[in-house]
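Data block below; observations after.
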Amino acid sequence: MSGRRPVVYSDTTAPLRERTREALADDALAANLRAAGASWGAARTRISAENPFAEMRARAREIRRGDIGDLPELLARLEERVTAAGGVVTRAADADAACRYITDLAAARGATLVAKSKSMATEEIKLNEAIEESGLRVVETDLGEWILQLAGQHPSHIVAPAVHLNKEQVRQVLMAESGWELPTDREALVAHARTRLREVFASADIGISGVNFGVAETGTICVVENEGNARLVTALPRIHVAVMGMERVVRDWDEAAHILQILPMAAIGDDAAGYVNLITGPRAPGEADGPEELHLVILDGGRSALLGTDLEEALDCIRCGACLYSCPMWRSVGGQAYGSPYSGPIGSVLTPLLEGMEGERSSELPFMSSLCGSCHDACPVGIPLHDLLVRVRARVTTTAHRRDRARFRLWSRAWSNPAAYRLSVAMARIGLRLAGRRGWARRLPGPGAEWTSQRDLPTRWPPTPPR
Amino acid sequence: MAPDTAALSEGLLAALARRRATGAVVDAAGAAAAAAARAAEWGVERALLADDPVLGDLGVGGRLAGDGCEVLVWPDGRGRGWRELLGLEGPELTMGVTVPRLGVAERGTLVLETGPGHGRSIDVVSMYHLAVLPASRLRATLAEALVETYARDGRAPSAVSLVSAPSRTSDIEKISTLGAHGAKGLHVLVVEDR
Ligand code: SF4
């Protein structure tokens, strides 16, 4: 597809290795991530003790597998019912098409101010940039997203976007925005943001939200949140535009009820989200609030290519963010280092799939995992993320990987010949003895250098205990 | 109150309490007084009421007005404009009064259905949210409540809001703070049927 906007951020030009090294050296970041991971872990343990999580997860997996199996049919039904309820549905093949639809609509209606609630799909298509380029003002209203927008940063977590910042960092950002001196307590900072963003709700022409899922049975859009900003975004402005990934559909209300219950358990360690907004069409006759127009943009963006492949299960994802918190890699470097709106295990799977295998990030992210499988355990819909990571790795090819492959081919050819095998082992033994001291090689030349840059290699077997 | 209804309302209030909402079971005769007491505790200067016969029957609006609270009723109240309803102009300590269509005992959720008399924004534009729920509207599970809400013939309601907590955010250091955008306090009065 030509002209497709890359999924990755243009501003993360440093290579992954450098970004992770930088993140690892950041003590404040490490402390913030540690606190976030611990608080999620504690809440999650508590909620799993009170609820039959394993059974709920099995049912959730069954639901999502079934929905993705019937995706074309469910999407058609959703589209038909949303239209019947008075909404306008558009299918966007890629990010450009989705952005263009929205900016054209804004221009046609003479809009000047757009209020947004949290949406990963709009991060993916870089909608804010497109809106700003078209000369409009767009304001994120989820507190975490707003802080990041002001700070010129991107979300580091699907559910808790500003989790990498601490209170003082947040305070500095908010003071820079308003020019007011702000107190240091959390309540005051939240109250300040509330007032500032109410100005936006009062005058926005268009509200843009994401979609957690659409219910095909009735053509209803579900937007899950805790702050109340998504309700304001979808209730006050004249026009509501909802952007959803094409995989986010469930069949009926029975399924919807189940997903609505397991999602907050996995996402925030609570057994219910504070608010769930269920929207079926624009405002009905006689109603005094709600949008006059409802537009639903259904984004493909590389998703349909996964249907029927051995990577299809990536579409089951309900974007709860649990695999991020559970991941030892994410907890060490945070989401920013990934350089993609989707970080953590699911991000390492999705980014190459949605963006294409070619880019630097796509070819490296799938390798940023120890394949420990904690992500699979955490996932409320039971996606075998570690298997998917291995499959995506197998698809990625770069020059470095081609070189590795050639080397391994040579090796395997040599070792399938008994004489050559014996010779190579004898030479390696002598080489190691020469390179090592007291049974350990600390720095090897040539192809061994990479290995010994991180760890020592025993030169005798069994190894002598390190001193 | 029938024993199963009592168990359901107990379940609802206990689950909501875990998310820092409050509530009580009251009889019809005491509902208006309980609403007024809550408004006084919050220091509410203006109330925005859903136009619902339940509130009229219980005398909630009259009682609040009698206590000196300004009372607006939807949809007329909408005439004030968003700046005022959002608290940017006029009193900041406001209260939205809703009548949920259903209440869910398991996990504690209110099902608010929008309509001409019941704006979808009443609870979130206000600083506080008082929900008045007739006990007969309690259901055991969310699935049951959603299937019932959407199973009727004809058009589905244009908006249904599930409310299970006061407005909260954990965006600063993952510590939950109330009053992010919606109501800072949520109080539920479960009213025993006459
Ligand atoms: S892959 Fe699973 S755990 Fe990760 S965000 Fe998606 S649903 Fe949540």
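Among the listed residues A:A288, A:A256, identify the single one that is at pLDDT 95 or above, more than 15 Å from the ligand (Cβ to nearest atom), outside any strand (DSSP E or B) and surrounded by 22 or more Cβ atoms within 10 Å (Cβ to Cβ). Talk me through it step by step, then tell me what you get.
On the way: A:A288 fails: surrounded by 22 or more Cβ atoms within 10 Å (Cβ to Cβ).
Only one candidate passes the filter, namely A:A256.
State all residues of the range A:299-316 that are among the aliphatic types (A, V, I, L, M) and crowded, with 21+ Cβ neighbours inside 10 Å; if no residue qualifies, say none.
Residues of the range A:299-316 that are among the aliphatic types (A, V, I, L, M), as a first pass: A:299, A:305-307, A:311, A:314-315.
Result: A:L299, A:A314, A:L315.
Regarding B:E106, is this residue more than 7 Å from chain A (Cβ to nearest Cβ), surrounded by fewer than 24 Cβ atoms within 10 Å (Cβ to Cβ) and in contact (Cβ under 8 Å) with a residue 40 or more places away in the chain?
Numbers: more than 7 Å from chain A (Cβ to nearest Cβ): yes; surrounded by fewer than 24 Cβ atoms within 10 Å (Cβ to Cβ): yes; in contact (Cβ under 8 Å) with a residue 40 or more places away in the chain: yes.
The answer is yes for B:E106.
How about the range A:159-194: which of its residues are at pLDDT 90 or above, part of a loop (DSSP other than H, G, I, E, B) and within 8 Å of chain B (Cβ to nearest Cβ)?
Matches in the range A:159-194: none.
Only residues that are touching a helix residue (DSSP H, G or I) at 6+ places or on another chain (Cβ under 7 Å), open to solvent by less than 10 Å² (accessible area, probe 1.4 Å) and more than 9 Å from every other protein chain (Cβ to nearest Cβ): list them for the range B:113-137, please.
B:H129, B:L130, B:V132, B:A135
Scan B:E89, B:E70, B:E84 and give me the residue that is in contact with a helix residue (DSSP H, G or I) (Cβ under 8 Å, 6 or more places away or on another chain) and acidic (D, E).
Values: B:E70 fails: in contact with a helix residue (DSSP H, G or I) (Cβ under 8 Å, 6 or more places away or on another chain); B:E84 fails: in contact with a helix residue (DSSP H, G or I) (Cβ under 8 Å, 6 or more places away or on another chain).
Answer to the check: B:E89.
Test each condition in (1) of a type outside the set (D, E, K, R); (2) assigned by TED's automatic domain parsing to the domain that holds A:D205; (3) within 16 Å of the ligand (Cβ to nearest atom) for A:V276 and report the one that comes out false.
Just one mismatch for A:V276, condition (3).
For the range A:339-351, which residues satisfy the criterion of being at pLDDT 90 or above and more than 12 Å from the ligand (Cβ to nearest atom)?
Looking only at the range A:339-351, we keep the residues that are at pLDDT 90 or above, and these are A:342-351.
If the condition is that a residue be at pLDDT 90 or above and more than 12 Å from the ligand (Cβ to nearest atom), then A:T351 is the only one that fits.
Residues that are surrounded by fewer than 24 Cβ atoms within 10 Å (Cβ to Cβ), more than 10 Å from the ligand (Cβ to nearest atom), on the phi > 0 side of the Ramachandran plot and not basic (K, R): does the range A:328-337 have at least one?
Within the range A:328-337, none of the residues are surrounded by fewer than 24 Cβ atoms within 10 Å (Cβ to Cβ), more than 10 Å from the ligand (Cβ to nearest atom), on the phi > 0 side of the Ramachandran plot and not basic (K, R).
Checking A:R319 against (1) open to solvent by 10 Å² or more (accessible area, probe 1.4 Å); (2) more than 8 Å from the ligand (Cβ to nearest atom), which test does it fail?
(2)
Could you tell me which of the residues B:V97, B:V54 is more than 14 Å from every other protein chain (Cβ to nearest Cβ) and closer than 18 Å to A:L232 by Cα? Talk me through it step by step, then tell me what you get.
On the way: B:V54 fails: closer than 18 Å to A:L232 by Cα.
Among B:V97, B:V54, only B:V97 is more than 14 Å from every other protein chain (Cβ to nearest Cβ) and closer than 18 Å to A:L232 by Cα.
A:Q172 passes all but one of (1) open to solvent by less than 40 Å² (accessible area, probe 1.4 Å); (2) over 23 Å from A:S119 (Cα atoms); which number fails?
Failed condition: (1).
With of a type outside the set (D, E, K, R) and in contact (Cβ under 8 Å) with a residue 40 or more places away in the chain as the only criterion, which of A:A97, A:A130, A:A121, A:A151 stands out?
Numbers: A:A97 fails: in contact (Cβ under 8 Å) with a residue 40 or more places away in the chain; A:A130 fails: in contact (Cβ under 8 Å) with a residue 40 or more places away in the chain; A:A151 fails: in contact (Cβ under 8 Å) with a residue 40 or more places away in the chain.
That would be A:A121, the only listed residue that is of a type outside the set (D, E, K, R) and in contact (Cβ under 8 Å) with a residue 40 or more places away in the chain.
Here is a list of conditions, (1) touching a helix residue (DSSP H, G or I) at 6+ places or on another chain (Cβ under 9 Å); (2) touching a residue at least 24 places away in the same chain (Cβ under 8 Å); (3) part of a loop (DSSP other than H, G, I, E, B); (4) crowded, with 21+ Cβ neighbours inside 10 Å, and B:A180 meets all of them except one; can you say which number that is?
(2)
State whether one or more residues within the range B:140-155 are touching a Leu at 6+ places or on another chain (Cβ under 7 Å), surrounded by 24 or more Cβ atoms within 10 Å (Cβ to Cβ) and within 9 Å of chain A (Cβ to nearest Cβ).
Taking every residue of the range B:140-155 in turn, at least one turns out to be touching a Leu at 6+ places or on another chain (Cβ under 7 Å), surrounded by 24 or more Cβ atoms within 10 Å (Cβ to Cβ) and within 9 Å of chain A (Cβ to nearest Cβ).
Select from the range A:212-237 the residues that are open to solvent by 10 Å² or more (accessible area, probe 1.4 Å), more than 7 Å from chain B (Cβ to nearest Cβ) and over 19 Å from A:G66 (Cβ atoms) and list them in ascending order.
A:V224, A:E225 - these are the residues of the range A:212-237 that are open to solvent by 10 Å² or more (accessible area, probe 1.4 Å), more than 7 Å from chain B (Cβ to nearest Cβ) and over 19 Å from A:G66 (Cβ atoms).
The values are calculated or read from the model by the stated rules, or taken from the named source; none is laboratory data. All figures in this text were calculated on a predicted structure; none of them were measured in a lab. Cβ sites come from the backbone with ideal geometry, for glycine too, and all protein chains shown count toward neighbours. Protein only, heavy atoms only, side chains kept; ligands, DNA and RNA dropped before computing areas. Shrake-Rupley method; radii C 1.70, N 1.55, O 1.52, S 1.80 Å.
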